[in-house]
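The values are calculated or read from the model by the stated rules, or taken from the named source; none is laboratory data. All of these numbers come straight from a predicted model, not from anything done at the bench. So basically every Cβ, Gly included, is an ideal-geometry build from the backbone, and we count neighbours across all protein chains shown.
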């Protein structure tokens, strides 16, 4: 009878350990993908040129008093992702918005899915060791998807002069998935 109680107790401990392990590691995320397709603030990085045929040149006095259209979004810094713990590709751009705010956009992001992933603006250079990215950051929120185009608002009052990179960070395991440079030049 006591041998049966020990077996049941050990089985119970193993079941609890399995449930906790599944919760923490979420191994099914190795086989899942989430895709975002948000509208980018700046056009995709494609090269296009337009040329107009030369026409007659005439000069006429102009007295236009219409205000200039508001300036559109402006790229302040941009760079490709570098893989850390997981293969990561795509690019990140720090964008100044016309109304004065800022955002970070990811274009063609492709990384692994994982539990507890966040987007951090970091004061560390993108070539820093992975362990450096766990401090000195501004949290932009949870990663929306591990693939695709996505945009993250930068909180008002963030000191952008200190921002040197953007990191995809797993809080649960203190591990970086990928990092891109955002140093303003």
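Okay, here's what the table says:
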read-out	value
Qualifying residue in region 41-61 (condition: in contact with a strand residue (DSSP E or B) (Cβ under 7 Å, 6 or more places away or on another chain) and modelled with pLDDT of 90 or more)	yes
Residues of region 164-176 satisfying the condition of being within 16 Å of the chain's Cα centre (by Cα) and surrounded by fewer than 24 Cβ atoms within 10 Å (Cβ to Cβ)	164, 170, 171, 175
Enumeration of residues in region 93-129 that are over 21 Å from residue 36 (Cβ atoms) and surrounded by fewer than 16 Cβ atoms within 10 Å (Cβ to Cβ)	98, 99, 100, 125, 127, 129
Search result, residues across region 78-95 that are part of a strand (DSSP E or B) and touching a helix residue (DSSP H, G or I) at 6+ places or on another chain (Cβ under 9 Å)	94
Among residues of region 135-163, those that are assigned to a helix (DSSP H, G or I) and either within 17 Å of residue 83 (Cβ to Cβ) or touching a residue at least 60 places away in the same chain (Cβ under 8 Å) (or both), counted	1
